[in-house]
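So that we are looking at the same thing, I have put the structure below in structure tokens.
The values are calculated or read from the model by the stated rules, or taken from the named source; none is laboratory data. Small disclaimer: the values here were computed from a predicted structure and weren't measured. Methodologically, a virtual Cβ is constructed for each residue, glycine included, from the backbone with ideal geometry; neighbour enumeration extends over all protein chains shown. To get the accessible areas, we keep the full protein, side chains included, count just its heavy atoms, and leave off ligands, DNA and RNA. Shrake-Rupley method; radii C 1.70, N 1.55, O 1.52, S 1.80 Å.
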Amino acid sequence: MPSPRYWREVPSRFRLEAVRCRRCGKPSFPARTICPACRGTEFEQIGLTREGTVITSTVLHVAPDEFAMETPYAVAIVETPEGARLMAQLVDCEPSEVKPGLPVALEFRLIRQEGHGGILCYGHKAVPAGA
Amino acid sequence: MAGIVGYGAYIPRKRIKAEEIARQWGRDAASIEKGLLLREKSVPGLDEDTITISVAAGRAALDRAGIDPQRVGALYIGSESHPYAVKPSGTIVVEALGVGPRVHVADFEFACKAGTEAMFVALGLVESGRVEYAMGIGADTSQGAPNDALEFSASAGGAAYLFGREALLADVLETYSYTTDTPDFWRREGEFYPRHGGRFTGEPAYFKHVLAASRGILEKTGLKPKDFRYAVFHMPNGKFPLNAGKTLGFTPQQMETGWLVPTMGNTYSGSSPTGLAAVLDVAAPDDLILITSFGSGAASDSFVLRATALLPERRGRARTVRSMLDHPTRYLTYGQYASYREKIILND
Amino acid sequence: MRDVAIVGVGMTRFGELWETSLRDLFVQAASDALHSARADHLEAVFIGNMSAGQFVGQEHLGPLLVDHLGMVGVAAGRVESACASGGLALRTAFVEVASGMSDLVMAAGVEKMTDTADVTEVLATASDQELEAYHGITFPGLYAMIARAHMEKHGTTEEDLSWVSVKNHRHGALNPKAQFPAEVTLEAVMRSSMVADPLRLLHCSPVSDGAAAVLLCPLDQAKQYTDRPVRIRASGLATGTMALADRKDIAVLDAVQRSAQRAFTMAGLTPADMHLAEVHDCFAIAEICCVEALGLVAPGTGKSAARTGETALGGRIPVNTSGGLKAKGHPVGATGIAQAIELVEQLRGEAGARQVRGARIGLAQNMGGSGASSVVHIFEGS
Ligand SMILES: [Zn+2]
């Protein structure tokens, strides 16, 4: 992954920075310029709580080459208490045990790397709460 | 007086048992468990490294301190497994923790001692008044060569310490360092696994430095082993710290709380700092604590700390070391372990 | 706007066509289309292609492909909407003719997927790179999440999913151009290897090479080219949220609903007027969601429509008589055009063993990404 593309996303990837629309209250993660719900352009900066619940999920048995050594792995859509939804791998659990409603915590992890010479790309993954 | 205002640890949730490693190499598991007092060790996932461990431990330290991360003026990470050969771990950790950009950051390396080295420097900067708060982290995802004795111990984990001058959870009463050039253990640039001098790592290396630093700090403070409630010595295996403590006059009761190695393994730069975190998880106000690290090459740093009345009410803000150590999620086969530790040759 | 008709079609076999390059695939399909209409000229060509840049390292397909067609000078360009690129090319050509801008226009689609080692990664570029693909999700993975949400909400089962594959392979067995012209048993589908839980290998469309092309002209000029023009009654294009996480209801493909509403409104028709449909069954769950979103079956009955035979050949509303993406193959950029060709053959009564008796009106629905774009065309035979 080219460094600038990765670096640009640091606020949301590293710190879960998000915004909440001042007009309609909808959270956007990552931050947007225009609210997708009401087209408002005034936002309040918020940080997402590093916890949430699973909305839906899958377990990947066939993965892109970069993730091939991690299969099978679970990926879920997680909703935070702020009402923001994000996609994340769900780790440190049996992938088959991931179900809707599962409470999770979001932890800082290495997400991907390009071989042994490229940059390391970090972000958040979910783990079952209390794991 | 300066001291610890926040602390935190992180231990990956996967484990491999010593008997599984012994089975792989046709070794006698019982003799390893009895001889080195190692039963199992933590194993990092493919997504865990010194940086992610540092972020988890550092976040817990900030949570316990309850301060604005922007007030942290320095952050140092000691590790012998920084993910990049060139490019700092610390920059990623400060961005993730919301520290900086007005912060001084450096990565340290001193074999297993780099963690207390980071703590030592952070403490000094706070004491000098140069910065208001400073964080020192020791973390590692160390590798032992396959079928080497180190493979039974080299594990993953770390701890972070935030130093300040107010609202202390533990006062730092004294420090003492003892350093000589002793090539007992090393890894050259580009080498995947470290090499070591076998039994040379014992008497002239570990014991010489641990005993000298510990005796030095006792002499400097005028304290006796019986004055301490807890003592933590670097844990390359189960046996060395107990023998060192015994030689110094400490009892097993003083050492057992911070003696995590039988189920955690040796977390290298994170070893004695994680042991100290386990002590802070249970220490009562006014308890005296001795911690002595050891890093091959070789040196030891000793700290004498005294728990404050604030410690018990703050420790509940983050997970305890025991809660992480005693609840692994998965025991790995050697094959899975080899895969997680990237010991299997793959094309790029 | 002028009424528009399809007057010529051409299509390669779909499959692993190791000996044929992207440009040759296009030339085969385009030449056949020209030949079928006895046309010797073109005013414009729109080429639907998802990712030649990543699959074969080739961008700038417009001039390359008309050059190889021996038609240097013709207006040409590539249009892209991931797996809906073919449908978008058809719509673009439709608008070009309907507007009066041009009189004889080709809509083509082509994809050469088997030259690439990591097809999964290329396809994943149709998802949100920063929010989805970054985290290691794949296309089967995104549709697997939709499937689980559908199962949770509607009680859809793995067997329901599997019946879609069984039905489409039954249809595909009758299509000589299909990549897998063979039936599969329910047991074989349900025993096939897991790709992204709950989607198994035989719930997923294959990796394919192929090209397809159709010729469009104003309806009142159609007789110059064919005795049996098929009129394009409507074109509806719509978008939905790019990221699956941003959908209100993950089990609903609202872009499909919107594109269908637009097409039905334009045609002045309703779903009940359709005699057959080609829908975007990239994964079995997609057909279940799409037949509901298109209004072809009653809400909540999408899951059972394949099993009961409602959407099978001979049923009330046959869906994917071509074999669908599942059996016919899914060279992504070509799929939208291939769907149109199946409709043309059916509405002309030329579909052979797959023929839906009395078929006069049908629709084709082509979808991009995890449902973030959808295009619906309604066709009427003469
Ligand atoms: Zn808004």
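For region A:1-71, which chymotrypsin sites (Phe, Trp or Tyr not before Pro) pass both filters: DSSP loop (anything but H, G, I, E, B) and at most 15 other C-beta atoms within 10 Å?
The qualifying sites: there are none.
Okay, next question. To the nearest whole percent, what portion of all C-alpha pairs in region A:4-128 is separated by more than 25 angstrom?
Taking all Cα-Cα pairs of region A:4-128, the fraction more than 25 Å apart is 31 percent.
Which trypsin sites (Lys or Arg not before Pro) in region B:214-318 pass both tests, a DSSP loop state and at most 10 other beta-carbon atoms within 10 Å?
Sparse-neighbourhood loop trypsin sites (Lys or Arg not before Pro): none present.
Continuing with the same structure: Counting only protein heavy atoms, probe 1.4 Å: which residues of region A:9-25 lose 30 Å² or more of accessible surface in the full assembly compared with their chain by itself?
Buried-area filter returns A:13, A:14, A:15.
Relative to the longest principal axis of the C-alpha atoms of chain C, give the angle of the C-alpha long axis of helix C:22-36, reported between 0 and 90° and rounded to the nearest 10°.
Roughly 60 degrees, rounded to the nearest 10.
Taking every DSSP beta bridge that has both residues in the protein assembly as shown, what percent is antiparallel when rounded to the nearest 5?
Roughly 75 percent of the DSSP beta bridges within the protein assembly as shown come out antiparallel.
Return the whole-Å distance between the Cα centroid of region C:220-259 and the Cα centroid of region C:161-212.
What the calculation gives is 24 Å, centre to centre.
Which whole number in µm²/s is D for the protein assembly as shown by Stokes-Einstein, with the Kirkwood Rh taken over Cα pairs at 20 °C and 1.002 mPa s?
It diffuses with D of about 72 µm²/s by this estimate.
Right, here's the next one. For an R0 of 22 angstrom, estimate the FRET efficiency from the Cβ-Cβ distance between residue B:68 and residue B:130 and round to the nearest 0.05.
It comes out at approximately 0.75.
Hey, what do the phi angles of region B:149-165 turn into as Karplus ³J(HN,Hα) couplings, whole Hz, using 6.51/-1.76/1.60 and θ = phi - 60°, x for Gly and Pro?
Result, rounded to whole Hz: 4, 5, 5, 6, 10, 4, 9, 9, x, x, 9, 10, 10, 9, 9, x, 10.
Give the longest segment of chain B that steers clear of GluC sites (Glu not before Pro) in DSSP loops with at most 13 neighbouring Cβ atoms within 10 Å, not counting the sites themselves.
The longest such stretch corresponds to B:1-165.
Nearest 10 degrees is fine. How inclined is helix C:158-172 to the longest principal axis of chain C, computing both from alpha carbons?
With rounding to tens, the tilt is 30 degrees.
What is the local net charge at residue B:340, summed over the other residues whose Cβ is closer than 14 Å to its Cβ (Lys, Arg +1; Asp, Glu -1)?
Around residue B:340, the charge tally is 0.
Another question, if that's okay. Enumerate by residue number the trypsin sites (Lys or Arg not before Pro) in region C:34-112 meeting two conditions: DSSP loop (anything except H, G, I, E, B), and at most 12 other Cβ atoms within 10 Å of the site's Cβ.
For trypsin sites (Lys or Arg not before Pro) across region C:34-112 that sit outside H, G, I, E and B with at most 12 neighbouring Cβ atoms in 10 Å, the list reads C:38.
Determine the shielding of peptide A:83-90 by partner chains: average, over its residues, the number of Cβ atoms on other chains within 10 angstrom of each Cβ.
Neighbouring Cβ atoms belonging to other protein chains average 5 per residue here.
Kindly compute the accessible surface that chains C and A hide from a 1.4 Å probe when together, both sides summed, and give it to the nearest 100 Å².
Its buried surface, counting both partners, is about 2700 Å².
Starting from the Cα-Cα distance between residue C:316 and residue C:221, subtract it from 0.36 nm times their residue separation and give me the gain in nm to one decimal.
Result for the pair: 30.8 nm of gain on full extension.
Now for a separate question. Tell me the accessible surface of residue C:220 in square angstrom (1.4 angstrom probe, heavy atoms of protein chains only), to the nearest ten.
130
With a 1.4 Å probe and all protein chains left in place, how much of the accessible area of the protein assembly as shown comes from carbon and sulfur atoms, in whole percent?
51
In sequence order, what are the phi-derived ³J(HN,Hα) couplings for region B:198-205 according to the Karplus relation 6.51 cos²θ - 1.76 cosθ + 1.60 with θ = phi - 60°, rounded to whole Hz, with x for glycine and proline?
x, 5, 5, 6, x, 4, x, 10
Could you give the accessible area per residue of region B:172-311, probe 1.4 Å, as a whole number in Å²?
Using a 1.4 Å probe on heavy atoms only, each residue of region B:172-311 averages 39 Å².
If the label point is 7 Å along Cα→Cβ of residue B:147, which residues in region B:19-44 have backbone nitrogen under 11 Å from it?
B:25-27
Please go through the residue pairs B:34/B:224; C:177/C:326; B:113/B:239; B:224/B:246 and name each one whose alpha carbons sit more than 22 Å apart in this structure.
With Cα atoms farther than 22 Å apart: B:34/B:224.
Give the lysines reachable from residue C:248 as a straight Cα distance under 23 Å; neighbours fewer than 8 places away on the same chain don't count.
Here the lysines satisfying the reach criterion relative to residue C:248 are A:26, A:99, A:125, C:153, C:303.
Heads up, I need the accessible area for residue B:126: 1.4 angstrom probe, whole protein in place, Å², nearest 10.
Surface accessible to solvent at residue B:126 totals approximately 0 Å².
Long-range amide H contacts for residue A:102: which residues qualify at under 5 Å (H placed 1.01 Å from N, peptide plane, sequence gap of 5 or more or a different chain)?
Placed amide hydrogens put A:54 under 5 Å from residue A:102.
What's the angle, to the nearest 10 degrees (0 to 90), between helix C:284-293's Cα axis and the longest principal axis of chain C?
70
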